[in-house]
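Inspection log for the structure reproduced underneath, given as structure tokens.
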Amino acid sequence: MKKIGLALGSGAARGLSQIGLLLWLKKNGIEVSCISGTSIGSVIGAAISYGYTPEYLRDLALGIKWTDTLKYLRPSLKGKSFLEWRKMDEFMREMFGDRTIEELKMPYACVATDIDTGDEYVFRTGRVTEALRASACIPAIFPAVEMEGLHLVDGALVNPVPINVAFELGAEAVIGINVNLSIFTERMTFGEVPASRMDKVDSRIRELIERNPLVQKKLIDTSGLAEKYHKHRRKRKIMDVVTDTAAITASKILSLQLLDIDGPLYLLRPEVGGYQDFDFDMAEDIINHGYRNAVEAGDELLKFCR
């Protein structure tokens, strides 16, 4: 069997679908030789390389409550970002302690971006928690990681699915997973995806804004559009803008990078376009999408790995 590498990508909550792929790989006896990751993919990849099982990660994700999300997303008062990383760092330390990348059970690397130069920075050594903090640092949302004179943020800005890094780690063939296919039109049809807590908060914010008399005067008159359209289509919301901006950018970068990949690659694309970046309370559905995507690719994927 070939030395199979995994390239796990960015995508925030949509990235949980990668746990579904890991569950399928384990069920079918496919061993992974190395893992590269970006953003949430870096966290999932580090956990597997550390020795956590896909089942453990699934249960961990399913156990995250909406109140837990609020606990970790605390506003920052330092002026460097909207949110602080302290609670996230505590969570990471509970998982990885002071373990270094060199001490992990399989070859691993993750990608960050030097925000000063736009260059890719690959962590192949050093403390796991420090690497993950940089790779998953959403610019402006969390404070940049300062080290060696650099200011490091989310690797999705330069390498959303680090396929090349997996080959550099020694993989003979790479399975990549792209969850950055979130397009608003997939989220527009009412009832297609159950409303998450973040979606409900988003709706409430919009409702309060639109109640403002000054805002009401400036709202666009859409009375000329079909009534049926408005009954079954929802308005673009704040989190739609955040989600789609990141997803479109990542997809464009990945499409260009694929032109330079020479080695054997199988790229999976789970149908998670209906979920927003912070829909972690939808973990079960998202993970199931990842597993179902692997099942649908089953025969081809098994042949690719052998």
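Brief remarks follow.
- Cα gyration tensor category, rounded, prolate or oblate, for the stretch 241-306 with a/c compared to 1.5: oblate
- Peptides 283-289, 143-149 ordered by packing proxy, namely the average of other Cβ atoms within 10 Å per residue, highest first: 283-289, 143-149.
- Residue-level accessible surface for LEU268, protein heavy atoms, 1.4 Å, Å²: 10 Å²
- With 10 Å bins from 0: P(r) over the stretch 73-169, alpha-carbon pairs, percent: 17, 46, 33, 5, 0
- Here the scattering of the stretch 1-54 is modelled by Debye summation over its C-alpha atoms, one equal scatterer each and no solvent; at q = 0.17, 0.19, 0.24, 0.31 Å⁻¹ the log10 of I(q)/I(0) is -0.47, -0.58, -0.93, -1.37.
- Taken as Cα centroids, the stretch 159-173 and the stretch 1-15 sit 9 Å apart, rounded to the nearest whole angstrom.
- Projected label distance in nm at ASP262 and PHE82, using a 7 Å step from Cα toward the beta-carbon: 4.2 nm
The values are calculated or read from the model by the stated rules, or taken from the named source; none is laboratory data. Please read these numbers as outputs of a predicted model, since none were measured by experiment. Every residue, glycine as well, gets a Cβ built from its backbone with ideal geometry; the counts of neighbours run over all protein chains shown. These area figures cover heavy atoms from the full protein model, side chains too; ligands, DNA and RNA do not enter into them. Shrake-Rupley method; radii C 1.70, N 1.55, O 1.52, S 1.80 Å.
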